[in-house]
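S.K.: Sharing a structure below in structure tokens format, with a few things to ask.
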Amino acid sequence: MTPIVWLIIAVIVLPLAYFAWSLLSLDRKGIVAIQSNLGSGFAQGTAVNLKRPPLMLGVARKLTPGSYEAKLDHWLALAGRPASMPLPKLIAMKPALALAGSVAGILLFLVSPGPGIVGISLFAVMLLYFLPDLMIYNTGIKRQEAIKLEFANTLDQMLISVEAGLGFESAMERAASQGSGPLPQELMRTLQDIQVGRPRQESYEALAERCAVPDIRSFVLAVIQADKYGIGIANVLRAQAKQARVKRRQAAEEKAMKLPVKVLFPLLFCIFPVLFIVLLGPAVIKIIQAFS
């Protein structure tokens, strides 16, 4: 056999064979035993609805490393854990898309065999496998940018509420209820964590971890220090709000300074050629007609 045939076997047939082996070697008896043990712990007469996990999800969890699954869970937390894309669905979707890309690559190779088709099929399989990761990561980045923009205004609202006589948590609740966007949602989740009995410091640290914005992290550290040493929260909020406004203005000025550099390339490659054609085109045509 030619090397191209061996390459096709290596990049398409072997992954499909491994996927089929994982599907056949799934421990169904272990899953049934776990479900029976869980069901026996409930009182008799209680309606227990233990659904068996989908077969595709079990295979996908077996193929996905634990560290990679933890990274996906962290990206989902940064993206706000969208209801349409939970972690089990994301894990099950990735190998399903890769399998669909492999089948499409095999069919395309059968129609028109060639080394280029093998490269395209391999690229399609890799792209389809990592496409959900790119979508979740992009959603997380956009969400962090929205949190960064809302941070200064939210701090101003909390500062006004504290100076009016409310406590810090009451001011946080008011800012969360009056605002709209990802930052008020995270503040409301932090308040819910505190209400269910989670320590305040852990709740604030979880807020900084979910947001992953440097300004939020510095604000959380300042609040924890103020709570620990008895510093007035109004002074902390005033200093943090002033610093957030300065950083937001500096970020806007930085984007304004980068704008001429970003406009330069479209100007050179898109606008100037068309302008030269419009201005010099008739003169070039007349010169060619005169010397022809």
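The values are calculated or read from the model by the stated rules, or taken from the named source; none is laboratory data. Here the structure is a predicted model, which is why all the values come from computation and not from measurement. Cβ: placed from backbone, ideal geometry, glycine included. Neighbour counts: every protein chain shown.
S.K.: For the stretch 147-177, name all the residues that are basic (Lys, Arg) and either part of a loop (DSSP other than H, G, I, E, B) or closer than 20 Å to Arg217 by Cβ (or both).
M.R.: Lys148
S.K.: For the stretch 199-238, which positions are over 25 Å from the mean Cα position of the chain (by Cα) and surrounded by 14 or more Cβ atoms within 10 Å (Cβ to Cβ)?
M.R.: Scanning the stretch 199-238 gives Arg200, Ala222, Val223, Ile224, Ala226, Asp227, Ile233, Ala234, Val236, Leu237, Arg238.
S.K.: Residue check, Phe168 against (1) under 30 Å from Lys255 (Cβ atoms); (2) in the same structural domain as Ala241 (by TED's automatic domain parsing), all met but one. Which one?
M.R.: Here Phe168 meets the rest and fails (1).
S.K.: Condition check: at negative phi, outside any helix (DSSP H, G or I) and of a type outside the set (A, V, I, L, M, F, W, C). Does Ser84 satisfy that?
M.R.: Yes: the conditions hold for Ser84.
S.K.: Here's something else I'd like to know. Residue pairs, Cβ under 6 Å, 6 or more apart or interchain, first in the stretch 202-219 and more than 16 Å from Glu145 (Cα to Cα), second of a type in the set (D, E, K, R) and surrounded by fewer than 20 Cβ atoms within 10 Å (Cβ to Cβ). List them.
M.R.: That search, which allows pairs on different chains as well, returns Ser203/Asp193.
S.K.: Which of (1) under 14 Å from Glu150 (Cβ atoms); (2) at pLDDT 90 or above does Ser180 not meet, given it meets every other one?
M.R.: Result: Ser180 fails condition (2) only.
S.K.: Report whether or not Leu128 is touching a residue at least 24 places away in the same chain (Cβ under 8 Å), hydrophobic (A, V, I, L, M, F, W, C) and more than 15 Å from Ile233 (Cα to Cα).
M.R.: Taking the combined requirement at face value, the residue satisfies it.
S.K.: If Glu169 passes every condition in (1) out of contact with any Phe, Trp or Tyr (no Cβ under 8 Å at 6 or more places or on another chain); (2) modelled with pLDDT under 90; (3) under 25 Å from Pro82 (Cα atoms) but one, which one does it miss?
M.R.: The failed condition is (3).
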